[in-house]
Each structure stands twice: as C-alpha cells, then as structure tokens.
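The structure appears below as structure tokens.
Read the figures in this text as sums done on the coordinates, not as results from a lab. Note that this is a predicted model, so its numbers are computed, not measured. Backbone-built Cβ (ideal geometry, glycine too); neighbour counts: all protein chains shown.
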Ligand SMILES: [Zn+2]
C-alpha cells in the first residue's frame, strides 16, 4: 500500500499574466527544476531528442497564440524566473497525449442532490508516479480575469479548480483517434478558469482548431453541469439531467464512440477499457445511494473506493507492469463551487489527509 504523503502547499500569484508566471516560477523553482529533469529523462527513454520535441511544439504555437496568449505570457514569466527556455516550457503542453498511464475518475453534483444545496465537482488524478511530488495548490488573481484556486503541477500546469465567478473545471483524459496540430488541450483548461459564465466556459472547453481534447467537466455555481466530451474534431455536451454525473476514461456519447482510439500498450492489447467501465459504474452506484444527503465526507469515502484494486477509483500501482506504464492516484480534489473552496490531498485518498483551501 501507499506510504503516507506530505501535506499539500499553496502558492499565491497576482498581477499581469507575465507577473503571475514569474511569481509562480520563483516560488516553485525547485519543483520546476525537477519537472524539467524528468521531462528530459522521459523523452530520452522514448528516444525523442529534446530539440526535436521543441521544434515540433513550434507548430502549435500560432494556435495557442490566437486562442489564449495570456497563458503564453504566464509560461514566459515562469520560464524566465526558473531560468530555462520558454520554448522548452511550452513544449511540455504539446506532446501528443501519452495517455496509456493516465486514468482519472470524476463526479459532479448540484444542489438538488446534496445535503445543503452545495455544488461539488470531484476529481481523482491518476497519472505517472512522478507527478505526485509536483502537485501544488495555486491561488491566482490576474488583473484582467476572475481569480481562481486550483491544483497544478509545479504551479504552472493548472489542472482543475474553481474561479471567483463560480465556474469550475475538472475532467479526465480520453484517447482519441483524430488528434492533430492545433490548440494544446491544457490551454482549454486554463481558459475555462478565466470564464465568467457557463457559456464562455463551454466555448473555452471546446475551441475550434484544438489539437485534441480532454473530457472537460464544466460546472457553475447554479448547478449547471456539463461533461464536454471532446476529440480533435468533434464533441458532445452531456448534461447532468438528474443533478449528477460521473465520468472516467471512455466516451459515453454514442456520437463520440467512433473517436475512441485503441490503447496500444505493450502490456495490454485489449481494446476493452475494463477499468474505466468499472470505475464509471461503481462511481454511479455509490453516488446514487447518497442522493439527497451528499456532503464533503461522502466524496472522501467514494474517492477512496477499492473495488477492482489496484485499478480502482482510488488507483494504486500495479506492480506487474513495467515502471514506465505504472500509475496511481497522485491527488484527490473536492471542489466546492458554492463557497469557492477546494478540499485536496496529495496521493491516494485512502491514506491522504484532505486539507481545505479557500479562494478568499
Ligand atoms: Zn487507495
């Protein structure tokens, strides 16, 4: 089982987007240096030359520039503060998604089904093991956007959170067969957190000219909940009609099924995404038992569920796999949209201690 992990820290940044990036880079410098090292090592292990990766990422730059140049300024500030090239930092966001090891489980519920009317979006982040030590909470207040609080890697790589306008972004990886050169998927994530309405968030989640897409779960404080199942060229908007939804790592929309790519891992050639289907149904069953009485405590229990262990909602390392294919839950997060707060723990929620972080 997993060892007990250290508590999550929070860093603040505010000002222009460049200043935000510079402050994050200054405060998270050690983490950034470790991320640079690991990214270079992982490229090497895949026989990819760093310069080639950087030159490949340049094809994505005009799309990112047109879609959300503010985030490019944050990357520039971050790279300057840490002391490495902007081009290398940008290339982190442009590797075609290597999602073999990436699984996540998400649940979102609105006030119709919670004990006190609070709206929640909940996320277990299941990725490569190295991710765990780079997780940090950020509270960012750009001059020209609503402030937000989110989980991130190294401060820069924003993953999931909620903003002052009551918009949240969470979600999970999908493996799609129509990826292309375009807007990197993490730019959509960051832009949703700059949105002031659910409509703006929806447009930001599925931009035209995107390279690929996560399943972006967007919610607002009124309890409007959408799972934006995207691929490179198409999407479907799944609505939480009964006040709740669950999503894992396969397409649910019949319209999107044709974009599901077969995962070609060496250890497992079966196209059946068994663990994703099991986590999805398990999550639904567990949440449906709690409708009407859901609180933060409900999610602490559900996100630590071990059915189909180690490929469970609380994901553990499968020791049978080669090290590079191993993954686990590196953080768990309960976003409270109503009170603009998050509860989060580093590592597996079955052993981690959730701490509360507030936007204000
Ligand atoms: Zn566990």
| request: For segment 1-79 and segment 163-217, write down the distance between their C-alpha centroids in whole Å. | output: 18
| message | Over the chain, with a Gaussian network built from C-alpha contacts below 10 Å, which listed residue (278, 183, 75) shows the highest mean-square fluctuation? | response | 278
| message | Using Cα springs under 10 Å in a Gaussian network model of the chain, which residue among 118, 329, 298 shows the largest mean-square fluctuation? | response | 298
| request: Can you work out the PRE-style zone for residue 37? Point 7 Å along Cα to Cβ, and I want the residues of segment 43-63 with backbone N under 19 Å. | output: 43-46, 50
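Which whole-number percent gives the relative contact order of segment 120-259, counting Cα pairs below 8 Å spaced six or more residues apart?
On the way: 297 pairs, mean separation 26.4, N = 140.
For segment 120-259, the relative contact order is 19 percent.
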| remark: Quick calc: nm separation of the 7 Å Cα→Cβ label points for residue 65 and residue 9 -> 3.5
| task | Run the quick spin-label model on residue 54 and residue 289: label points 7 Å from Cα toward the beta carbon, then report their separation in nm to one decimal. | result | 5.3
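Going by a ≥ b ≥ c, the root eigenvalues of the Cα gyration tensor, does segment 151-274 fall in the rounded group (a/c under 1.5), the prolate group (a/b larger than b/c) or the oblate group? Can you show the working numbers first?
Numbers: a/c = 1.74, a/b = 1.45, b/c = 1.20.
In terms of gyration-tensor shape, prolate.
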| message | Which of the three applies to segment 36-91, rounded, prolate or oblate, going by the alpha-carbon gyration tensor with a ≥ b ≥ c and a/c under 1.5 meaning rounded? | response | oblate
| field | Most mobile of 255, 300, 133 in a GNM of the chain (Cα contacts under 10 Å) | value | 255
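From the helices alone, meaning DSSP H stretches of at least four residues, give me the mean residue ellipticity at 222 nm for the chain, per-run term -39500 (n - 2.57), in deg cm²/dmol to the nearest 500.
Values: 10 runs with 101 residues, N = 360.
Mean residue ellipticity at 222 nm (helix-derived): -8500 deg cm²/dmol.
Mind giving me the FRET efficiency for residue 309 and residue 45? R0 is 35 Å, r the Cβ-Cβ distance, nearest 0.05 is fine. If you can, show how the numbers build up before the last one.
On the way: r = 28 Å, r/R0 = 0.79.
Efficiency, from the Cβ-Cβ distance: 0.80.
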| request: State the percent of C-alpha pairs, over all pairs in segment 100-165, separated by a distance greater than 15 angstrom. | output: 63
| request: State the percent of C-alpha pairs, over all pairs in segment 102-358, separated by a distance greater than 23 angstrom. | output: 46
